[in-house]
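Notes for the one structure printed next.
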Amino acid sequence: MKTFNIIQPTGSCCSTVQAKNIEEHITLNDRNKHLPIVIIGAGPIGLATAAHLVEQKQAFILLEAGNEVAYNIRTWGHVTLFSPWRYNINKAAKALLEETNWQEPNLDTLPTGNELIDFYLKPLAELAQIKPSIQLNAKAVGISKQFNDKMKSQNRDNQAFQVYVEQGNDLHIIEARAVIDATGTWGNPNPANAAGVWLKTEKALANHIEYGIPDIKMNVEKYANKKVAVIGGGHSAINTLLSLAELQKENPSTQLVWIIRKKSVEEAYGGEEKDALEARGTLGIRIHELVDTGKVEVITPFYVSQVKRGESIDIIGTVNGEQKVLTGFDELIVNAGSRPDFTMISELRLSIDTVTESVQALAPLIDPNEHSCGTVRAHGEEILRQPEKDFYIVGAKSYGRAPTFLMATGYEQVRSITAYLAGDKDASKRVELKLPETGVCGINLANQSNSCC
């Protein structure tokens, strides 16, 4: 470590303190630039970050809490993405993969989550330039600045990050010059409660509630000939119902109840035949048919206030201002979206939008009332910059509760950020992603599942 002797006039206590601060500033800066950049989360965005850092010749450590890369995606591996392969492969990652015997998928097809992992993310993670820097079963539980909690300001920008990592029964502390949080939101679902409040009565039903889009074919006994409620009015709920309807054909005693908050169920059908995207329109047509033929019972507008165990599962809520109790349910599937978890980064100084819980400067660009996943314009380091210098939230987590995230936009985020951290500010300011005006979303109805990201 370099040291600097700064001579100050004697007799001045203020000068002595100032000299000490300048010396600390210089020595810490010199040491920090040799520390790695820590990426948290080895999903598509985290691995793309690693690929760009390889491109920029920057040292990094990639932490993944699961036992394989993209562990969260594996939990919904049966689901088909909304966008085709051409928008799901990062260009820096592709350049590295093309140096091997990797076979590029058909760029116009829609991959499932499992295919995304097996045909792209795992080969990427196995590259010699990336694999040694990945730590699996490594859960980041906290991030702070060295020696300081959130309250302390003196020389804060020049202090290293400390990332607290649990691996089995061991705790490790990794020092980093920058941290990129790419942990997403998938493991932190919204509750059934319409007000977004988690209640112990709902938590007590954990064995009878699934959040997200379960693989119905792998859980036939769980749902066959049962009374099942699906809570949520978006595409995830519709696809869950379509999969349950297939189960219902072989198990006709299966009862399906769709609980939504929209004023009428017609709002959930979308454009149907008039939809600009034919496949999306077909999705609305199919659920419309199921409702009209009585295979799916709809209760709307219903605002869930509580779910609890009685003789069966009871769903308590309000319809048109009157309280109502729905009874007799065996299983619930909640498709109410997800939210970011800020516990790990609570000791860092953050700028988070109070409504969307997204990065604050990003909120106007992603408002789901005005944007779909195909209409959010590309953005980079400057928009994602946090008050905590060299800390960034990227990917789905940067969008907070907004469901408009597109993987290709996340790739542009980390391209810009890694360029900035490597000192190429001009590259960080460029926008290198161009999406077609019609968006990039599609639906593979053959697999009856979809996801915006």
>> Among the residues in region 232-248, are any open to solvent by 40 Å² or more (accessible area, probe 1.4 Å), charged (D, E, K, R) and either assigned to a strand (DSSP E or B) or more than 17 Å from residue 293 (Cβ to Cβ) (or both)?
In response: no
> Within region 318-360, which residues are farther than 25 Å from residue 163 by Cα, over 18 Å from the mean Cα position of the chain (by Cα), open to solvent by less than 60 Å² (accessible area, probe 1.4 Å) and hydrophobic (A, V, I, L, M, F, W, C)?
Replying inline: 319, 326, 329, 332, 333
> So residue 385 fits all but one of (1) open to solvent by 60 Å² or more (accessible area, probe 1.4 Å); (2) in contact with a strand residue (DSSP E or B) (Cβ under 9 Å, 6 or more places away or on another chain); (3) closer than 23 Å to residue 268 by Cα; (4) of a type in the set (D, E, K, R); what number is the exception?
Replying inline: (3)
> Do any helices (runs of 4 or more DSSP H) entirely within region 374-434 hold 1 or more residues that are touching a Gly at 6+ places or on another chain (Cβ under 7 Å) and under 23 Å from residue 81 (Cα atoms), and if so, which?
Replying inline: 407-421
> For region 146-168, what are the residues that are touching a Leu at 6+ places or on another chain (Cβ under 9 Å), over 28 Å from residue 67 (Cα atoms) and not in a loop (DSSP other than H, G, I, E, B)?
Replying inline: 158
>> Scan region 136-145 and tell me whether some residue there is among the aliphatic types (A, V, I, L, M), part of a loop (DSSP other than H, G, I, E, B) and open to solvent by less than 10 Å² (accessible area, probe 1.4 Å).
In response: yes
>> Considering only residues that are surrounded by fewer than 15 Cβ atoms within 10 Å (Cβ to Cβ) and among the basic types (Lys, Arg), which ones fall in region 151-169?
In response: 152
>> Of the conditions (1) in contact (Cβ under 8 Å) with a residue 40 or more places away in the chain; (2) open to solvent by 20 Å² or more (accessible area, probe 1.4 Å); (3) more than 23 Å from residue 70 (Cα to Cα); (4) touching a helix residue (DSSP H, G or I) at 6+ places or on another chain (Cβ under 7 Å), residue 201 satisfies every one except a single condition; which number is it?
In response: (4)
> What do you reckon, is residue 185 at negative phi, in a loop (DSSP other than H, G, I, E, B) and in contact with a Gly (Cβ under 9 Å, 6 or more places away or on another chain)?
Replying inline: yes
>> Consider region 279-312. How many of its residues are more than 30 Å from the chain's Cα centre (by Cα), part of a strand (DSSP E or B) and farther than 18 Å from residue 264 by Cβ?
In response: 1
>> Testing residue 377 on (1) within 20 Å of the chain's Cα centre (by Cα); (2) at pLDDT 95 or above; (3) not polar (S, T, N, Q), one condition comes back false. Which one is that?
In response: (2)
> What is the one condition in (1) closer than 21 Å to residue 91 by Cα; (2) at pLDDT below 95 that residue 450 does not satisfy?
Replying inline: (1)
> Does at least one position in region 208-217 carry a residue that is under 21 Å from the mean Cα position of the chain (by Cα) and either among the acidic types (Asp, Glu) or in a helix (DSSP H, G or I) (or both)?
Replying inline: yes
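The values are calculated or read from the model by the stated rules, or taken from the named source; none is laboratory data. In this text, all values refer to a predicted model and were calculated from it rather than measured experimentally. Counting neighbours? That spans all protein chains shown, and the Cβs are built from the backbone with ideal geometry, glycine included. What goes into the accessible areas is simple: the full protein's heavy atoms, side chains included, and nothing from ligands, DNA or RNA. Shrake-Rupley method; radii C 1.70, N 1.55, O 1.52, S 1.80 Å.
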